[in-house]
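Data first, discussion second: the structure below is written as structure tokens.
The values are calculated or read from the model by the stated rules, or taken from the named source; none is laboratory data. Not measured: the values here are computed from a predicted model. Reconstructed Cβ throughout: ideal geometry from the backbone, glycine too, with neighbour counts over all protein chains shown.
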Amino acid sequence: MSNSVIAPPFTQESAEQKVLLAENGWNSRDPQKVSLAYSPDSEWRNRSEFIKGREEIVAFLTRKWSREREYRLIKELWAYDGRRIAVRFAYECQDVSGDWYRSYGNENWEFDDEGLMRRRIASINDLRISESERKFFWPLGPRPADHPGLSALGL
């Protein structure tokens, strides 16, 4: 998920590209690959967890994706300015008991001069759903270009 080519200051187009790269990276469910989009000293707040640096990012994502099976994520640009981007997102996953969830959230991102994310602040809410309520249907991995985004899905 090396997206250091896209660096601040952001335009509408470059911010949208950055969001899509992040979505594709997270949908890979490869913690090591995903961590490379963040600065070595990146700081996160994810729900009530505070994470610092790539090593902790890899550990966090490894734990996350061991619990969240069938993980599929959609991100959407909300706003951008200079070196910051705000996104809204939703993901669906199945827990180890077989229950389905849709998690909704917002993230605030701040980037360094090379385009690596140095700060990520995430607020997330979980909603238990039935399998029939799922909306994210594509093979594991990046969302296909023809699959609707959050707005088109009414989320």
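Data overview
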{"item": "Count of residues meeting criterion [under 14 Å from the mean Cα position of the chain (by Cα), closer than 20 Å to Asp30 by Cα and not charged (D, E, K, R)] in the range 114-134", "result": "2"}
{"item": "Selected residue [in contact with an Asp or Glu (Cβ under 7 Å, 6 or more places away or on another chain), of a type outside the set (Lys, Arg) and closer than 20 Å to Leu21 by Cα] from Leu73, Leu116, Leu61, Leu36", "result": "Leu73"}
{"item": "Per-region count, the range 96-139, residues in a loop (DSSP other than H, G, I, E, B), in contact with a Ser or Thr (Cβ under 9 Å, 6 or more places away or on another chain) and either of a type outside the set (Asp, Glu) or surrounded by 14 or more Cβ atoms within 10 Å (Cβ to Cβ) (or both)", "result": "4"}
{"item": "Selection within the range 83-101 - more than 23 Å from Glu133 (Cα to Cα) and free of Cβ contacts under 8 Å to residues at least 24 places away in the same chain", "result": "Ala86"}
{"item": "Residue within the range 9-18 that is under 22 Å from Ser123 (Cβ atoms), among the charged types (D, E, K, R) and either outside any helix (DSSP H, G or I) or at pLDDT below 95 (or both) present", "result": "no"}
{"item": "Pairs with Cβ under 6 Å, 6+ apart, first in the range 24-41 and closer than 18 Å to Glu92 by Cβ, second assigned to a strand (DSSP E or B) and of a type in the set (A, V, I, L, M)", "result": "Trp26/Leu73; Asn27/Leu73"}
{"item": "In the range 119-136, the residues that are of a type in the set (A, V, I, L, M, F, W, C) and under 22 Å from Ala22 (Cα atoms)", "result": "Ile121, Ala122, Ile124, Phe136"}
{"item": "Subset of the range 7-21 (residues that are crowded, with 19+ Cβ neighbours inside 10 Å and either more than 16 Å from the chain's Cα centre (by Cα) or of a type in the set (Gly, Ala, Ser) (or both))", "result": "Pro8, Phe10, Ala15"}
{"item": "Test: residue in the range 16-33 that is among the hydroxyl-bearing types (Ser, Thr, Tyr) and over 20 Å from Pro148 (Cα atoms)", "result": "no"}
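Yes/no per residue for (1) under 23 Å from Pro31 (Cβ atoms); (2) out of contact with any Leu (no Cβ under 6 Å at 6 or more places or on another chain); (3) in contact (Cβ under 8 Å) with a residue 24 or more places away in the chain; (4) not small (Gly, Ala, Ser):
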| site | (1), (2), (3), (4) |
| --- | --- |
| Lys52 | yes, yes, no, yes |
| Lys64 | yes, yes, no, yes |
| Lys75 | yes, yes, yes, yes |
| Asp81 | no, yes, yes, yes |
| Asp112 | yes, yes, yes, yes |
| Phe136 | yes, yes, yes, yes |
| Pro139 | yes, yes, no, yes |
| Pro142 | yes, yes, yes, yes |
